[in-house]
Amino acid sequence: MPHSDQTLEFDRICKRYGDLVALDDLSFDIRAGEIFGFVGSNGAGKTTTMRIALGVLSADSGEVRWAGQPVTFETRRRIGYMPEERGLYPRMKVGEQLVYLARLHGLSAAKAHERARAWTERLGVASRLDDEVQKLSLGNQQRVQLASALVHDPAVLVLDEPFSGLDPVAVEVMSEVLADKAGNGVPVLFSSHQLDLVERICDRVGIVREGRMVACGTVEELRGSGPRQAVVDVPGADPAWAHAVPGTTVVEAHDGRLVLRLDDDVDDQQVLHAALDAGPVREFARRRPPLTELFRHVVSAPAADGRPDRQATGART
Amino acid sequence: MSATTTEDVRLSSPEAIRLVAGREVTTRLRSKAYRIVTVVLVVLVVAFAVVMKLVAGLGGEQRIGYVDAAADLAPRVEAVATSLGKDTVTVRVHDEGAGRRMVADGRLDALVVGMHGPRLQVVVDERLDDGLRTALTSGAGQSVLDQQITSLGGNPADVASRVAQAGVQVSALNPPPTYDPQRLAVGSVAGILVYLALIGTGQSVAMGVVEEKSSRVVELLLATVRPWQLMAGKVVGIGLVGLLQVLVVGIAGVVAGQLTGSLDISISTSVGIVAWLVVWFVLGFTLYALVFAGLGALVSRQEDVGGVIAPVTMLLVVGYVIGISVLPSSPGNTVVGLLSLVPVFSPTMMPMRLAMGAVPLWQTLLSLALAVGAIPFLVVLSGRLYRNGVVRTGTRVGLREALRAG
């Protein structure tokens, strides 16, 4: 298989639970060596998508492909998976558990032992190999969970909220591991509600809402999308000057420092002139909203068919 | 650690099942509960053998003392007692006073003092054993008869031998099978053992399925093995561990019975009983474990396991209770005989009947055929329940819904 073609593709996936449409023609892809952040409110369909990729759920229609071929039962063994609901045998020892899972993925006993040791060392839980999982702190259980997703040296990573519940040190270790895997050409898909983190480590981000991909692209692309915004700092000036410019809306105002939303047909040079008329301009810049703001904007906008948004209030952003 | 590694990650079905079963076996053999239960069962079955021996010793031998004057009665009494199934030991007592003391302190069960006219004088501590009374009455009657024959000029020994030859010759058209009381007891023990083993292992299977569901580890497992492989591995693993338990306890019981001498059954019969016990445990376990695995997959919490498997557990209990309450007293009961052919009841009833003996060959074969024949049907049914239930967490999955889907 050519290295360059290890893309994981989701092609028009649909899934219904009775009357509830969980996934509606969802399509996106994660290229080889790319870290893809999957964000959306609770219930938007992230977990369902991941479970379909792992064959734990079956899609009503659509196809998941890896390296150009539909993902089959055999190729699924090449995926490293971290389920949203952490799943380990509570009364099984860490080491035995990792070896068992590695062997289920087809590794020999010797290799399974070697990988279990290597990954627990890398993730800082090697000293707990002979302890039962239930005796570990939640953070350490999380590290073991990640080790179990990595222990069979997967060619694809699908991680459902791998960062939730981790301390800052563990977050760093986890980010490095993901970057390493991506550096080796592994497509990495993970979901998260920690948008600052997503913004920092992801190559691309997909925002899903009600089972549809509503925004997808690099962080820069996403931040550049949406209505144009400008920051204008005119110390001491009354914000009223901005209202006078047609097609301009004041989003925020702090002591003369304004955030303006500009309609598409507004010439920003006209805005600058108006600002200069109001007083000395200390700052005038194009503003790229952080992902958090964009996310809030995308998920809380009324649905296309006018229904009130069903989950936006539950978002843990 | 490159994404382009081309190592072989195929896992054959036997290999997958072996891995899953291996985990079950190691986890369970290590568990304290399993070891304790096995030890307790071994202790109970050995204790049962010892108690049987003690009870037999207490009830069996009757020590009868004869004062010199009554000594010639001893052979007759002994002969009649033996024909009634009573073991007697004859003790000669020279002096009546000493004999009475021996009765009082329990060294003798009865003291025969001698004939007083037509009456035989007997001293006992509290009351005379019924069998012994019959033997002594007959002895007294013989004694009187001998005197009369002698007084009429006849030879009592000659008459006695003629009388002994007289009798009834019966030709039964349909002789009922005879049952050895010891084998009835062994059959009951076999029944209890197989019942406990089936209940225990069946629940383990259901709990094991739910453990994987409630800890969500099943989601990781199902990304690598197919549902039927996971279910088969679990059933095989727990079955092997249960089988080991049945074998250990069964063999311990037979060995204890032989060593203490409480079991007066040939080695080959004992081996046969244990072999049937194993065969029916394996069949019964397969039948019930499959259903328990399928039902266990319908719930997500350990607390709900009992409820969902209760109807099936009831079937197991009903079969056992009917068997254990009817068979020891009436091993040839027709209704129980017929019920014991039905796969639901055969795993508990057949090992009891087979241990008690006298099971017609056709019934043995038919019960085996029906049980084996039910397995493929249950594999399909339980496989479907399991596959549809195992990834659905939250509320209990309806039976009809689980059977319909997929």
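Worth pointing out:
- Angle of helix A:268-278 to the longest C-alpha principal axis of chain A, folded into 0 to 90 degrees and rounded to 10: 50°.
- Most mobile of A:Gly211, A:Gly40, A:Gly62 in a GNM of chain A (Cα contacts under 10 Å): A:Gly62
- Rolling a 1.4 Å probe across all protein chains gives B:Asp180 an accessible area of roughly 60 Å².
- In Å², nearest 10: area of A:Cys216 left accessible to a 1.4 Å probe: 60
- Of the residues B:Ser12, A:Ser191, ranked by 1.4 Å probe accessible area with the largest first, the sequence reads B:Ser12, A:Ser191.
- Total formal charge among the other residues, if their Cβ is under 13 angstrom from that of A:Arg228, Lys/Arg +1 and Asp/Glu -1: 0
- Relative to the 2.2 N^0.38 Å rule of thumb, the protein assembly as shown has a C-alpha radius of gyration ratio of 1.56.
- Counting only protein chain heavy atoms and rolling a 1.4 Å probe, the accessible areas of A:His193, B:His116 rank, largest first, as B:His116, A:His193.
- In this structure B:Ile149 has an accessible area near 30 Å², from a 1.4 Å probe over the protein heavy atoms.
- Long pairs among A:Lys135/B:Lys213; A:Lys111/B:Lys32; A:Lys46/A:Lys111; B:Lys53/B:Lys234; B:Lys32/B:Lys53; A:Lys181/B:Lys234, criterion Cα-Cα beyond 29 Å: A:Lys111/B:Lys32; A:Lys46/A:Lys111; B:Lys53/B:Lys234; B:Lys32/B:Lys53; A:Lys181/B:Lys234
- Simple spin-label estimate for A:Thr249 and A:Ser27 gives 3.1 nm between the two label positions (7 Å along the Cα-to-Cβ direction from each Cα).
- Total buried accessible area between B and A, probe 1.4 Å, nearest 100: 3500 Å².
- DSSP beta bridge pairing in the stretch A:121-223, given as percent antiparallel to the nearest 5: 60
- Helical runs assigned H by DSSP (4 residues or longer) give the protein assembly as shown a calculated mean residue ellipticity at 222 nm of -17000 deg cm²/dmol, each run adding -39500 (n - 2.57) before division by the residue total.
- 10 Å-binned pair-distance histogram of the stretch A:98-196 (Cα, whole percent): 15, 49, 32, 4, 0
- Hull shadow area, averaged, the stretch B:150-200 [alpha-carbon convex hull, nm²]: 7.1
- Of the two radii for chain B, the radius of gyration is 1.20 times the Kirkwood radius, both from the alpha carbons; that is the Rg over Rh value.
- Between B:Leu184, B:Leu290, B:Leu221, the Gaussian network model of chain B with springs among Cα atoms under 10 angstrom shows the greatest mean-square fluctuation at B:Leu221.
- J(HN,Hα) series, the stretch A:280-290, from Karplus relation 6.51 cos²θ - 1.76 cosθ + 1.60, nearest Hz, glycine and proline x: x, 8, 8, 8, 8, 8, 6, 9, 9, x, x
- Kirkwood Rh, angstrom, the stretch B:59-151 [1 / mean 1/r, Cα pairs]: 13.1
- Counting only DSSP beta bridges whose two residues both lie in the protein assembly as shown, roughly 60 percent are antiparallel.
- Members of the stretch B:222-262 that become less accessible by 40 Å² or more once partner protein chains are added (1.4 angstrom probe, chain alone as reference): B:Ala223, B:Thr224, B:Arg226
- When the alpha carbon coordinates of the stretch B:128-258 are projected onto the principal axes, the ranges are 103, 38, 22 Å, largest first.
- Cα long-axis angle, helix A:109-122 against chain A (0 to 90 degrees, to the nearest 10): 40
- Taken as entire DSSP H runs, the helices of chain B that both span 18 Å or more between Cα atoms along their own long axis and average 0.5 or more on the Kyte-Doolittle scale are B:32-60, B:181-214, B:227-260, B:267-296, B:305-326, B:361-389.
- Per residue solvent-accessible surface (Å²) - the protein assembly as shown, probe of 1.4 Å: 47
- When the Gaussian network model of chain B links Cα atoms closer than 10 Å, the mean-square fluctuations of B:Gly272, B:Gly187, B:Gly117 top out at B:Gly117.
- Share, in percent, of DSSP beta bridges within chain B that are antiparallel, nearest 5: 35
The values are calculated or read from the model by the stated rules, or taken from the named source; none is laboratory data. Please read these numbers as outputs of a predicted model, since none were measured by experiment. Note that each Cβ is placed from the backbone with ideal geometry, even for glycine, and that neighbours are counted across all protein chains shown. These area figures cover heavy atoms from the full protein model, side chains too; ligands, DNA and RNA do not enter into them. Shrake-Rupley method; radii C 1.70, N 1.55, O 1.52, S 1.80 Å.
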